[in-house]
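So the structure is just underneath, and the comments pick up after that.
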Amino acid sequence: MTLTLYNSLTRRKERFEPINPQRVGMYVCGPTVYDRAHIGNGRAFVVFDVLYRVLRDIYGKEHVRYVRNITDVEDKINAAARVNGEPIAALTARTTAAFHDDMSVLGVLPPDVEPRATEHIPQMIAMIERLIASGHAYATEGHVLFAVASDPHYGQLSRRSRDEMIAGARIEVAPYKRDPADFVLWKPSAPDEPGWDSPWGRGRPGWHIECSAMSETHLGESFDIHGGGLDLIFPHHENEIAQSTCAHEGRPFVRYWLHNGFLSIDSAKMSKSLGNFFTVRELLDEAPGEAIRLALLSAHYRDPLDWTDERLRQARHSLDRFYRALTLSRDPVFECFGEAEEALRPVKEALEDDLNTPLALSRLHGLVGAINRTSSDAERSALQRALEQGGRLMGLLEQDPLVWLRGSTQADERRIEEQIASRAAARHQRRFAEADKIRAALSAEGIVLEDKPDGTTSWWRKD
Ligand code: AMP
Ligand code: ZN
């Protein structure tokens, strides 16, 4: 099978060829731990988790190394700790633990290595020293800056003009910079800010050098895949490329750059700064993590994904349908592995075509249709196996079907009872159009209401 991936660097879909198939390397920029993850962040980590699973499936678990860092030194963290009146270490420990909880409910596998920036300061300092020695960086007034003009390839990923770059990075025009486009590798820390001793005085790293040093430590100078959200292309990834290639005397850094599209609400990017976000934790009050995950995978990872209640409702409905198909009887002495493999192939092909999860999901629905139609126990068992394995490649269908179906029924029942009560209230207040609308919505879900002659609802059933 052939894995193809869209490479942001070449802006083309390319056949994926690892440097060494025995050691496939992927680095994804992890969270800055100052606050809970919102579901836009969740999208990024779920998408790359699917890629991790697909790589493990193709190359074998032991041949894939996935590194996803924790950014635990960054100015947003210092600001949040000040606002909360909380020690920085307590804030980062608490938010890292919360991040792990959120990832686990979204079915995101832990990466093979999860390096923390604060544990790689010596590697960052060493890389900065190499950049200074090779003329790509300079120290000035306690800062060290990367000299953008020293790198003729700067801008290769974002393909921006110089003016766009300066505007896009909202660059501070500081008197100590030789060029406004130069960016910080190291900066001085005030006594109340986190800091480490360095050749340039007590200070802390810039965000970009953190990822260059951590990827070098855990994946080497050159590796296969680097991922993150679209917003990281510039300046973060552009700067990572500049730092890493210049520190490695021009040797190649990353072969394939992958970027996920934004999750939006009413067409605006979900972000902490706009305040239009909800956290994974908040959403769990409304839906199980697996339904959130499926909803996040219901659009292609490079497309924008507008988050709506309807999308989440559809995701639950799909899971109900998948899990119900898995509860149908199976052949107890099932041996049709070949048939299962065959049935799974179209699902794998969709995923291996630049992670086409919407197509893979529709192919899972196709398997359910076939499961429901067949009268052969052996064929059904093969199809069920394909459904399970296809789901697992996307991090879905990993729980006992009965556990899902029971949980979903309880949550559904509560919601249905609430809608029935609203309808009864609407009827009572003679808002008949509204009452009819609720009845129609329930009926679209296959819920039949039986009204008592006196107008109050006595019971409901699923059609
Ligand atoms: P952060 O912790 O803000 O650095 O973000 C962690 C990851 O989430 C990065 O890869 C971001 O690019 C990604 N991200 C942030 N906001 C969104 C969004 N609204 N939709 C999709 N990905 C996002
Ligand atoms: Zn990064």
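A few notes on this one:
- Failed item in (1) out of contact with any Gly (no Cβ under 8 Å at 6 or more places or on another chain); (2) open to solvent by 40 Å² or more (accessible area, probe 1.4 Å); (3) closer than 26 Å to L297 by Cβ, with S375 passing the rest: (3)
- For segment 65-108, taking the residues that are outside any helix (DSSP H, G or I) and more than 20 Å from the chain's Cα centre (by Cα), the one that is surrounded by the most Cβ atoms within 10 Å (Cβ to Cβ) is identified as V73.
- The lone criterion from (1) outside any loop (DSSP other than H, G, I, E, B); (2) within 16 Å of ligand 2 (Cβ to nearest atom) left unmet by Y34 is number (1).
- In the set (1) under 24 Å from the mean Cα position of the chain (by Cα); (2) more than 15 Å from ligand 2 (Cβ to nearest atom); (3) surrounded by fewer than 18 Cβ atoms within 10 Å (Cβ to Cβ), D224 fails one condition alone, (3).
- Residue match in segment 386-404 (condition: over 23 Å from R313 (Cα atoms) and modelled with pLDDT of 85 or more): yes
- Single residue of segment 418-437 satisfying the filter (surrounded by 12 or more Cβ atoms within 10 Å (Cβ to Cβ) and out of contact with any Ser or Thr (no Cβ under 9 Å at 6 or more places or on another chain)) that is farthest from E286 (Cα to Cα): R431
- Test: M124 is touching a Pro at 6+ places or on another chain (Cβ under 7 Å) and either surrounded by fewer than 18 Cβ atoms within 10 Å (Cβ to Cβ) or in the same structural domain as T217 (by TED's automatic domain parsing) (or both): yes
- For segment 262-272, the count of residues that are within 9 Å of ligand 1 (Cβ to nearest atom), buried (at least 20 other Cβ atoms within 10 Å of the Cβ), within 22 Å of the chain's Cα centre (by Cα) and not in a loop (DSSP other than H, G, I, E, B) is nonzero.
- Within segment 230-249, restricting attention to residues that are open to solvent by 10 Å² or more (accessible area, probe 1.4 Å) and within 13 Å of ligand 1 (Cβ to nearest atom), the residue that is nearest to F146 (Cα to Cα) is P235.
- Filter pass, Y27 being more than 19 Å from M270 (Cβ to Cβ), assigned by TED's automatic domain parsing to the domain that holds G229, hydroxyl-bearing (S, T, Y) and open to solvent by less than 10 Å² (accessible area, probe 1.4 Å): yes
Okay, residues lined up against (1) part of a loop (DSSP other than H, G, I, E, B); (2) within 16 Å of ligand 2 (Cβ to nearest atom); (3) out of contact with any strand residue (DSSP E or B) (no Cβ under 8 Å at 6 or more places or on another chain):
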{"site": "Q156", "(1), (2), (3)": "yes, no, yes"}
{"site": "E164", "(1), (2), (3)": "no, no, yes"}
{"site": "V173", "(1), (2), (3)": "yes, no, yes"}
{"site": "Y176", "(1), (2), (3)": "yes, no, no"}
{"site": "A181", "(1), (2), (3)": "yes, no, yes"}
{"site": "W186", "(1), (2), (3)": "no, no, no"}
{"site": "A190", "(1), (2), (3)": "yes, no, yes"}
{"site": "P194", "(1), (2), (3)": "yes, no, no"}
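The values are calculated or read from the model by the stated rules, or taken from the named source; none is laboratory data. What you see is a predicted model, and the numbers here were worked out from it, not measured in a lab. All Cβ positions, even for glycine, are placed from backbone atoms using ideal geometry, and neighbour counts span all protein chains on display. All accessible areas refer to the heavy atoms of the entire protein, side chains included, with ligands and DNA or RNA removed. Shrake-Rupley method; radii C 1.70, N 1.55, O 1.52, S 1.80 Å.
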